[in-house]
Structures are given as C-alpha cells and as structure tokens.
Amino acid sequence: MSAIARWLDSDVAYSFRRSPVALMAALVLAIILAGAVLAPWIAPHNPLDLASLNLMDSRIPPVWDAEGQRSFPLGTDDQGRDILSGIMYGVRISLVIGVASVIFAIVAGIAVGLLAGYAGGVLDAVLMRVADIQLTFPAILIALLVDGVVTAALPQEMHERLKTQVLIFSIGISFWPQFARTVRGSTLVERGREYVMAARVIGLSSGRIMLTHILPNVLGPVFVIGTLTLGLAILSEATLSFLGVGLPPSSPSVGTLIRIGNDFLFSGEWWMTIFPGLTLVLLVLSINLLGDWLRDALNPKLR
Amino acid sequence: MNVLDVENLTVEFPTRRGVLRALDHVSFSIAPGEVLGVVGESGAGKSLTGAAIIGLLEPPGRIGGGQVLLQGHRIDDLPYEKMRRIRGKQIGAIFQDPLTTLNPLYSVGRQLIETMQTHLPLSNADARLRAVRWLEDVGIPAAKQRIDAYPHEFSGGMRQRVVIALALCAEPRLVIADEPTTALDVSIQAQVIALLRRLTQERGLSVMLITHDMGVIAEAADRIAVMYAGRVVEIGGVAEVVRHPSHPYTVGLMGSIPVLDARVERLRQIEGAMPRLNAMPPGCPFNPRCPRTFDRCRDERPELMPARQTAAACWLYA
Amino acid sequence: MTETRTILEAIEVTRTFDVSRPWLQRTLAGEGRRVLRAVDAVSFAVTLGRTLSLVGESGCGKSTVGRLAVGLYAPSGGEIRFEGQNLSAARAQPALRRRTNMIFQDPYASLNPRWRVSDIVAEPIRAFRLLKGRDVQDRVGQLLTQVGLSPRDGEKYPHEFSGGQRQRVSIARALSSEPEFLVCDEPTSALDVSVQAQILNLMRDLQERMQITYLFISHNLAVVRHMSNLLGVMYLGRIVEYGPGESIFGNPRHPYTRLLLDAIPDIGMAGGTNSRARAPIGGEVPSPISPPSGCTFHPRCPLANARCRAEVPRHTLDGDVLAACHAVEEGRGA
C-alpha cells in the first residue's frame with residue numbers, strides 16, 4: 001500500500017470523513033488559504049503597489065450597494081485600496097507571522113520540555129517555575145512587553161527592517177510555556193518506559209535518547225496544541241497590529257486592516273473593518289475547530 | 001433450578017469494517033452453591049462474558065443474540081434501571097482492581113451501609129452493626145475502629161477483602177469475580193481465595209470465577225469452562241478438565257504451565273497465537289494451531305459435545 | 001560445562017532511594033528525609049552459562065537488583081564486579097558493555113512504538129558499530145529467525161504484533177549485541193501461559209546453544225524452578241535464602257521460602273484430592289520505608305522469638321544452601 005492509500009485508510013482519516021464540522025472547517029480554511037497563497041495571481045489589485053492607488057477610488061462601498069463598482073467587490077478604503085485584495089494579502093502576512101511564531105514556540109517549548117523532563121532535579125524546577133510565572137500573565141501582555149523591549153533596544157532603522165521578525169519573536173515567546181509543560185509531562189512518562197531503559201542499558205547518550213526515542217513519542221499532543229495555538233497567535237498578531245505596535249500600514253496584516261477600518265466604522269463606511277474582521281473570525285474559528293477535532297481524533301479514549 | 005443459565009450468548013462490536021463477534025454462542029449454567037471457573041487467555045472473552053451477564057458491556061459492544069437467565073428469569077433484555085437493582089441485590093461483582101470498585105471519597109463503612117440499605121430493609125444502627133460484622137468476617141483486624149477509615153488507608157490485600165464484603169453484603173445469589181487475585185502478591189492471593197471460598201460455601205452462594213490463573217481455578221472451582229476466541233471449547237468437572245482434558249487446546253494449556261513438583265526439560269507449547277477477532281479462521285477457531293486438525297475442522301464449526309469425561313467443542317469426539 | 005567462570009558478582013550491595021517529599025513541603029510539615037532501602041547488603045555470583053533466579057513478592061527489591069546489575073542504578077554501598085572489574089569501570093568500555101543486555105517485563109512498553117522492528121533490533125548493532133550497511137539488515141533477519149519470527153517482520157511496527165511476538169522482538173534486540181549475560185526482569189509475567197511456555201522454551205534453547213548466562217527475576221516460583229540452577233529468595237531487600245534450586249525446592253530452610261511455596265495455588269490441587277497442604281501466610285509485606293527490627297520477616301514468622309525481633313540474622317550455611325534465619329541456625333527450624 002502506498003503512503004497515501006495507507007493514510008486514507010487510517011482511523012484519523014476515517015474520523016475526518018465522518019466529522020461534518022471538521023469537513024466544513026477544512027473547506028473554509030482551504031478557501032482562505034487558497035486566496036492568501038494565490039493572492040499575487042488572483043487578487044484584483046495589488047494593495048502594496050502605491051503607484052496604482054487612486055484617491056478617486058476611495059471609500060467605495062461593496063459591489064451590491066448602489067454606489068458599488070465591479071472592480072472593487074468588497075469596496076475600498078480611504079486610500080482607494082481594494083478591500084478584497086487587502087484581505088488576501090493581509091491573510092498572507094497574518095499566516096506567515098502566526099505559523100512562524102508557533103514554530104518558534106514549538107521549537108523552544110520542545111527543547112525546554114525535553115531537557116527539564118529528562119534531566120529532572122534543579123534544572124527542571126527552575127525551568128518549570130519560569131514557565132509557571134509566565135503563564136500567570138496573559139500571553140498578549142507578554143508579547144506587548146517583549147515587543148516593546150526589543151523595539152526599544154534595537155536601533156531605529158534596524159527595528160523597522162526587522163519588524164516582522166520582532167513580531168514573530170514576541171508572539172512566539174508568549175506561547176512557549178504551554179509546549180514546554182506538555183512536552184515535559186510526556187517526557188516524564190516516556191523516560192520511565194522500558195524502551196528508554198533498553199537504550200540506556202546499551203549505553204546511548206542522553207542527547208541521542210532524547211532525540212531518537214523520546215521526541216517522536218511526545219509530538220502527538222504538540223501538534224494538537226500547535227494547531228490551537230496557531231489560532232491564538234494569529235489573534236495576537238491582529239491585536240498587536242490593531243493596537244498599533246504591530247505591522248505598519250505599508251504592509252498591512254488583517255489586524256492592521258481592522259484598525260484602519262475602525263476609524264471609519266461610525267462614519268458609515270462599515271465594510272472597511274467588517275470584512276477583514278469576518279475573515280479573521282472565520283480563519284481562527286476554522287483552525288480551532290480543526291484543532292479540536294484533531295485532539296479528539298488522536299485521543300484513544302474517545303475513539 | 002440453576003442460579004444462572006447462559007444460552008447461546010453472542011456479543012458483537014460494530015466497527016467500520018463490519019461487525020466483530022467477540023462472544024459466539026456461549027452457553028453454560030451454574031448450579032446453586034457451585035463455583036464455576038472460567039479460564040482462558042487474554043482476549044478469549046472471559047471478562048466480556050461476565051460484563052454481558054451483569055449488563056455492563058462497554059459501548060459500542062452489544063448483545064447480539066442468546067439469553068441470560070437468573071434463577072429462571074431473563075435478565076439480558078431488562079432496562080438499565082431494573083438491571084441496576086439486580087446488580088448488587090442478586091448479583092455481586094468483584095473486580096481485579098479494588099481501587100476502581102471502592103469510592104475513594106467515602107469511608108468503607110459508609111459504602112457498606114449504603115449498599116446494604118439500598119437493597120435490604122435495615123435501620124441505620126442495624127446496618128452499621130452488620131457492616132462491622134462483615135468487616136470482621138472478611139478478616140479486617142480491629143473492624144470496629146477501622147469502619148470509618150477510607151480505602152487509601154488499607155493495603156491492597158485488605159482492600160480486596162473490603163470489596164468482597166461489599167459484593168456479598170446485600171446477600172446476592174450469585175457472585176461474579178473477575179480476576180479477583182491478579183493484582184495481589186502470591187501470599188495475599190492465597191488468603192483472598194481461601195476467604196472467598198469460605199464465605200461462599202457458608203452462604204451457599206454460586207460463584208463465577210473468571211481468571212487466567214489455572215492454579216487459582218484448580219483450587220477454588222468445582223467446574224471449569226475453558227474459553228478460546230470467544231467460545232467455550234471445553235466444560236466439565238475441575239479434576240477431569242485439569243487431569244484428563246479432551247480438547248487439544250486445553251491439553252496444550254495444561255501442559256504449558258510450569259509446575260512446582262517436577263522440573264521438566266521443555267514445557268509443552270502451543271504454537272502461534274490466538275486469532276484476532278477480525279481474522280477468525282473458518283471452522284474451528286483453534287484449527288490453525290491444533291496438532292490434530294483434519295479437514296472437517298477447517299470447514300465446520302464444532303459445538304460442545306460429550307468427550308470422554310467432559311464436554312468439548314472438538315470434531316475428534318463427533 | 002566444566003568451566004565455572006564468574007561473570008557477575010555482587011558483594012554486599014546496598015541501594016537506597018530518597019523518597020522524601022519535595023523540600024518545601026518537607027520543611028513546612030517539619031519532617032526529615034525519608035530513605036527507602038530497596039536492596040540491603042545483597043551478595044551473589046552468576047557463573048557462565050547458568051541461570052541465577054531472584055524470586056520474591058512485590059517490593060522485595062528484585063527488580064532493583066536487576067537494574068543494578070546492568071548499571072541503570074549505581075550501588076549506594078558494596079560493589080558489583082563484572083568479569084572481575086568494577087561494574088561502572090567495565091561499563092565505560094563499549095567492548096565490555098556490549099556483553100550485557102536486558103529483557104523487560106512489559107512487551108508493550110519495551111519497544112519504541114514509533115520504530116520499525118528492524119530498527120529496534122538493529123539499535124545495539126549500530127550503537128556498538130558491530131556491522132555496517134547491508135550486513136546489519138542480514139544480521140537482523142538472522143536474529144528474527146532465531147527467535148521464531150520471519151525476517152520480513154522487520155518491516156512492521158510493534159503494534160502489529162501480539163504480546164508474545166513482541167517479547168520475541170525484545171529478545172532479538174537483547175541478543176543483537178552478542179551478549180553473554182542477560183538480565184531478564186519478569187520476562188513472562190505479562191504473557192498468557194501458553195505464550196509463556198513458548199518464551200521460556202526459547203530462552204532455554206538460546207542458553208544451550210549460545211552459553212548465555214541469565215539473571216532471571218520473577219515472582220513466579222514455578223517459572224523460576226523451571227528456569228534456574230541457582231536461586232535467591234528475597235524479602236524486603238535482603239536475600240533470605242540462597243542456593244541450588246533443587247536443594248531449596250526439595251527442602252526449603254527459611255520459613256518465608258516455605259510459606260511462599262505453600263501459598264502457591266497449583267493445578268495439582270484440582271478437585272481437592274492430592275493437594276499439598278496449603279496454609280496461607282498471615283499478614284502482608286511491611287513497608288520498606290520503615291522495616292521491622294531484627295529479622296524483617298519476624299512479624300509474619302511462626303518461629304519468631306525475642307532474638308529474631310532484636311538481631312539481624314546472618315547467612316549461615318546449611319548443606320549447600322545459605323539461609324539468613326536464627327531459627328535455622330539454632331536448629332529450631334524443623
């Protein structure tokens with residue numbers, strides 16, 4: 001059987017086909033992803049190309065409105081940028097930052113968790129107390145704090161150039177404790193298993209045991225939490241951008257679009273903020289629903 | 001009249017690859033005062049049989065056919081609430097791990113008293129008095145003082161004694177004991193088996209003793225039912241089944257047990273392993289491992305039939 | 001087997017574990033450190049090609065001895081010598097470390113679920129760089145055949161096997177470093193009896209063919225009798241009786257050994273005739289954190305007197321058996 005056929009035959013795939021919620025969520029996510037990934041080719045306009053903007057096109061309502069224009073399906077903002085194109089490019093940026101910061105949090109969390117769980121003792125106690133302390137603060141506060149400190153520490157022209165990286169770092173830092181705690185817990189269980197003892201009897205080094213034996217067996221829960229955290233990370237980025245400490249309007253993420261639109265919400269130009277907001281809700285909701293499904297599908301007790 | 005009659009009991013598990021038959025036409029009965037040992041290897045269906053009888057099958061498992069009669073009355077089709085009253089009142093259950101049976105939040109005395117008062121008309125004072133007597137009866141030292149102790153304050157062996165008291169205190173007719181000694185040390189095992197044997201004999205109770213330990217069965221049971229792949233393959237008196245087994249599987253099983261009295265060079269072994277539920281061979285389920293298979297075994301399924309001193313599901317005795 | 005070379009020797013080995021609660025809780029509750037003496041001054045010797053069995057109830061320290069013997073734990077006192085060298089020095093040399101391996105109890109936990117069987121069996125070969133490239137796979141196939149599996153089984157993952165088959169994989173892995181000495185920690189207690197017979201027969205075949213030495217740890221006296229030449233009966237961290245299996249089973253000296261033998265249900269008892277007199281031992285094993293004074297068995301012993309409560313018995317030789325019992329020493333035993 002090929003790998004694909006085997007996967008299609010697996011219990012996880014079966015449970016996926018049987019779950020209408022998971023199917024719907026996957027469909028919505030697929031549409032949003034396709035729009036984001038293919039934006040440079042299918043978006044009606046390029047919102048990053050300042051030269052193509054025309055102030056004459058500003059504040060046009062969606063196409064179904066009497067004043068709407070066909071070339072701007074969801075209307076335009078105050079600069080004359082197409083909302084739909086803005087969303088497509090914005091989701092790209094939001095996703096890149098979300099995925100990258102979750103990967104950062106996963107890598108840091110796994111490293112800390114494996115080390116703490118396998119070594120135990122003082123190292124474990126210190127690392128886990130740090131994680132505990134950080135968990136008492138809301139993640140967004142940590143991200144704000146780290147973002148502020150890093151931005152202040154870097155020279156002006158550098159932090160403008162590295163804004164995306166700084167954002168990824170700040171959001172990633174705010175989520176590592178969840179991963180570290182989960183990985184540590186699984187590591188404690190796996191470390192006592194006899195297959196790890198078998199590896200110790202033949203004298204393998206601790207590093208090799210951690211990487212080749214324990215790591216593959218603690219990844220399951222990490223994937224589930226990773227999916228759920230992705231939703232949170234995208235929201236964190238949107239929140240930071242909404243607060244104005246995120247990405248500048250020159251490279252707008254979904255959060256930036258919502259903030260820009262927010263200023264015009266009460267003057268009647270509701271489409272500027274509602275459409276990006278709706279996209280954000282659908283994106284995060286479908287990721288979370290998929291994460292919930294994944295958690296149940298991988299939990300043998302619920303099967 | 002028999003205390004328990006199980007007739008053609010069939011238990012199924014619907015899965016996405018079709019319905020798996022975990023118990024296939026299991027039949028046996030238990031007479032008043034009799035201890036029936038049910039033995040078999042893991043996956044043979046012995047615990048499932050116990051669970052099906054007391055109506056505690058884990059979903060999606062379901063009874064797919066046959067019937068269970070308790071003192072002549074059908075109980076397999078009763079609604080949940082009625083079955084719950086029968087459990088405890090007429091059937092007592094003892095499980096392998098005492099910690100899953102005892103509620104950690106209540107004292108053992110309270111659990112005994114509540115069980116008794118649910119099923120018997122007893123005043124609080126009487127119930128407490130009886131609870132103390134039960135604890136003394138199962139050999140808990142200083143029962144009067146320990147009645148208000150919590151399960152975690154007892155050792156494993158003592159806890160299993162409390163579980164036995166809990167199973168017997170509502171005066172059931174039948175006790176289903178599922179691996180009651182497996183979690184215990186050898187020296188404690190002997191104590192618990194002796195206790196179970198004494199209490200049930202004194203009260204004339206019937207016992208269905210489920211275990212994988214042939215030694216325990218040999219010591220405690222009057223009759224043995226040997227299960228293999230969801231079927232009863234041999235049933236008969238304990239001495240007959242142990243000393244003169246008829247079914248080739250039982251012969252192999254008995255020969256594979258190392259004994260204390262003599263050191264043999266090689267243990268008899270049955271090649272291979274029990275078939276999985278989704279890969280049951282046609283005909284007799286034991287035929288791929290059996291040293292005496294012939295054509296009929298591969299095509300037709302044998303029912304229990306008289307075989308020398310026992311009854312065996314084997315074409316050798318047709 | 002004229003050669004009687006000692007492979008592994010334990011000299012007065014003690015192992016303690018700190019089971020105190022965490023520092024903060026301990027300080028708040030005002031209690032001191034608590035130390036569990038899992039193994040207490042245990043001595044034994046394993047000779048080439050023979051089997052020494054350690055038998056006892058849970059908490060008697062037999063598994064700890066097994067782990068000490070392969071270096072998973074370091075002794076807190078005493079010394080373990082492997083081929084005449086201190087064990088930790090011996091384990092620092094791959095050539096000596098390779099000669100010991102271990103078989104575990106739980107066939108479900110002892111194989112990494114994410115690894116293919118061929119990689120599991122090959123791990124020691126690769127770790128000790130015994131073979132390279134194609135030769136590794138050939139050797140894995142050979143090992144799988146040796147334990148009664150097919151070389152093609154190497155492609156599969158552990159969950160595709162039954163308990164007995166997994167234990168065969170475990171044995172193949174243990175054999176792949178070409179060891180002379182195997183520690184077997186309850187290798188069959190998670191298996192059904194018919195499968196247990198397969199595994200025990202396999203282990204004895206391998207011993208005959210390859211002169212493997214076993215340290216066999218079990219709670220099952222009948223299995224131990226079947227497997228061993230030499231026997232140590234453990235109770236609360238001490239070896240209370242030590243000698244040739246035939247002598248101990250024929251004439252147990254220590255009251256604990258006797259009671260243990262009496263307590264085993266046996267299929268010979270079927271039907272009530274021909275039963276060995278069976279007297280359950282009273283009481284339960286005390287906590288090893290606060291063991292009884294003197295001889296730790298005295299609260300359960302029918303022969304206990306004042307001396308047993310006060311004084312730890314020393315091993316004395318009776319025939320070819322060492323027993324740690326005042327009653328045996330004084331001749332009150334029989």
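The values are calculated or read from the model by the stated rules, or taken from the named source; none is laboratory data. If you're wondering where the values come from, they're calculated on a predicted model, not measured in any experiment. Ideal geometry is used to build each Cβ from the backbone, glycine not excepted, and the neighbour counts take in all protein chains shown.
Tabulated data
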read-out	value
Qualifying residues in region B:162-202 (those that are away from chain C (no Cβ under 14 Å) and among the acidic types (Asp, Glu)) - the one surrounded by the fewest Cβ atoms within 10 Å (Cβ to Cβ)	B:Glu202
Qualifying residue in region B:259-267 (condition: of a type outside the set (Phe, Trp, Tyr) and under 25 Å from the mean Cα position of the chain (by Cα))	yes
Test: residue in region C:202-213 that is free of Cβ contacts under 8 Å to residues at least 60 places away in the same chain, under 22 Å from C:Ala122 (Cα atoms) and touching a Phe, Trp or Tyr at 6+ places or on another chain (Cβ under 9 Å)	yes
Within region C:54-105, tally of residues that are in a loop (DSSP other than H, G, I, E, B), of a type in the set (A, V, I, L, M, F, W, C), out of contact with any Phe, Trp or Tyr (no Cβ under 6 Å at 6 or more places or on another chain) and away from chain A (no Cβ under 11 Å)	1
Identity of the residue in region A:199-214, touching a Leu at 6+ places or on another chain (Cβ under 9 Å) and under 16 Å from A:Ile110 (Cβ atoms), that ends up surrounded by the fewest Cβ atoms within 10 Å (Cβ to Cβ)	A:Leu211
Residue satisfying all of: in region C:228-267; under 26 Å from B:Leu195 (Cα atoms) and hydroxyl-bearing (Ser, Thr, Tyr); surrounded by the most Cβ atoms within 10 Å (Cβ to Cβ) among these	C:Tyr256
Considering residues of region C:3-34 that are in a strand (DSSP E or B) and without any contact (Cβ under 8 Å) to a residue 40 or more places away in the chain only, the residue nearest to C:Leu206 (Cα to Cα)	C:Phe17
Answer from C:Pro107, C:Pro94 - the residue that is touching a residue at least 12 places away in the same chain (Cβ under 8 Å) and surrounded by fewer than 16 Cβ atoms within 10 Å (Cβ to Cβ)	C:Pro94
Search result, residues across region A:100-151 that are in contact with a Lys or Arg (Cβ under 9 Å, 6 or more places away or on another chain) and among the acidic types (Asp, Glu)	A:Asp124, A:Asp132
In region A:185-230, the residues that are of a type in the set (Ser, Thr, Tyr), within 10 Å of another protein chain (Cβ to nearest Cβ) and within 32 Å of the chain's Cα centre (by Cα)	A:Thr212
Residue tally, condition modelled with pLDDT of 90 or more, among the hydrophobic types (A, V, I, L, M, F, W, C) and within 15 Å of the chain's Cα centre (by Cα), over region B:199-237	12
Filtered residues of region C:106-138 (kept if among the β-branched types (Val, Ile, Thr) and either within 12 Å of another protein chain (Cβ to nearest Cβ) or part of a loop (DSSP other than H, G, I, E, B) (or both))	C:Ile120, C:Val121, C:Ile125
Any helices (runs of 4 or more DSSP H) falling wholly within region B:203-293 and containing at least 3 residues that are more than 8 Å from every other protein chain (Cβ to nearest Cβ) and touching a residue at least 40 places away in the same chain (Cβ under 8 Å)	B:248-255
Counted residues, region B:144-161 - those being within 13 Å of chain C (Cβ to nearest Cβ), within 17 Å of B:Asn103 (Cβ to Cβ) and crowded, with 19+ Cβ neighbours inside 10 Å	4
Cβ pairs under 7 Å, 6+ apart, first in region A:1-29 and within 13 Å of B:Arg16 (Cβ to Cβ) and of a type in the set (S, T, N, Q), second surrounded by 10 or more Cβ atoms within 10 Å (Cβ to Cβ) and at pLDDT 80 or above	A:Ser15/A:Ala297
Residues that are over 15 Å from the mean Cα position of the chain (by Cα) and either among the small types (Gly, Ala, Ser) or under 11 Å from B:Pro98 (Cα atoms) (or both), drawn from region B:167-181	B:Ala170
Some residue of region B:292-304 being of a type in the set (Val, Ile, Thr) and surrounded by fewer than 18 Cβ atoms within 10 Å (Cβ to Cβ)	yes
Pair list, Cβ < 6 Å and 6+ apart or interchain, from region A:55-68 residues that are surrounded by 17 or more Cβ atoms within 10 Å (Cβ to Cβ) to residues that are among the small types (Gly, Ala, Ser)	A:Asp57/A:Gly80; A:Ile60/A:Gly75; A:Pro61/A:Gly68; A:Pro61/A:Gly75; A:Pro62/A:Gly68; A:Pro62/A:Gly75
Residue list for region C:165-212, restricted to those being over 18 Å from B:Met274 (Cβ atoms) and in contact with a Gly (Cβ under 6 Å, 6 or more places away or on another chain)	C:Val183, C:Asp185, C:Gln211
Residues that are in contact (Cβ under 8 Å) with a residue 40 or more places away in the chain and hydroxyl-bearing (Ser, Thr, Tyr), drawn from region A:177-221	A:Thr182, A:Ser186, A:Thr187, A:Ser206
Those residues of region B:137-152 which are among the charged types (D, E, K, R) and under 20 Å from B:Pro180 (Cα atoms), in sequence order	B:Asp137
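Matching residues to (1) part of a strand (DSSP E or B); (2) under 27 Å from B:Val19 (Cβ atoms); (3) at pLDDT 85 or above:
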position: B:Val68; (1), (2), (3): yes, yes, yes
position: B:Asp76; (1), (2), (3): no, yes, yes
position: B:Glu81; (1), (2), (3): no, no, yes
position: B:Gln96; (1), (2), (3): no, no, no
position: B:Leu99; (1), (2), (3): no, no, no
position: B:Tyr106; (1), (2), (3): no, no, yes
position: B:Gly109; (1), (2), (3): no, no, yes
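Table: residues versus (1) within 9 Å of another protein chain (Cβ to nearest Cβ); (2) in a helix (DSSP H, G or I); (3) in contact with a strand residue (DSSP E or B) (Cβ under 8 Å, 6 or more places away or on another chain); (4) buried (at least 21 other Cβ atoms within 10 Å of the Cβ).
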{"site": "C:Val183", "(1), (2), (3), (4)": "yes, no, yes, yes"}
{"site": "C:Ala190", "(1), (2), (3), (4)": "no, no, no, no"}
{"site": "C:Asn201", "(1), (2), (3), (4)": "yes, yes, no, no"}
{"site": "C:Arg204", "(1), (2), (3), (4)": "yes, yes, no, no"}
{"site": "C:His226", "(1), (2), (3), (4)": "yes, yes, no, yes"}
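Yes/no per residue for (1) basic (Lys, Arg); (2) touching a Leu at 6+ places or on another chain (Cβ under 8 Å); (3) surrounded by 22 or more Cβ atoms within 10 Å (Cβ to Cβ); (4) part of a helix (DSSP H, G or I):
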| position | (1), (2), (3), (4) |
| --- | --- |
| A:Pro216 | no, no, no, yes |
| A:Val222 | no, no, no, yes |
| A:Thr227 | no, yes, no, yes |
| A:Ser241 | no, yes, yes, yes |
| A:Gly246 | no, yes, yes, no |
| A:Gly277 | no, no, no, yes |
| A:Leu283 | no, yes, yes, yes |
| A:Trp293 | no, no, no, yes |
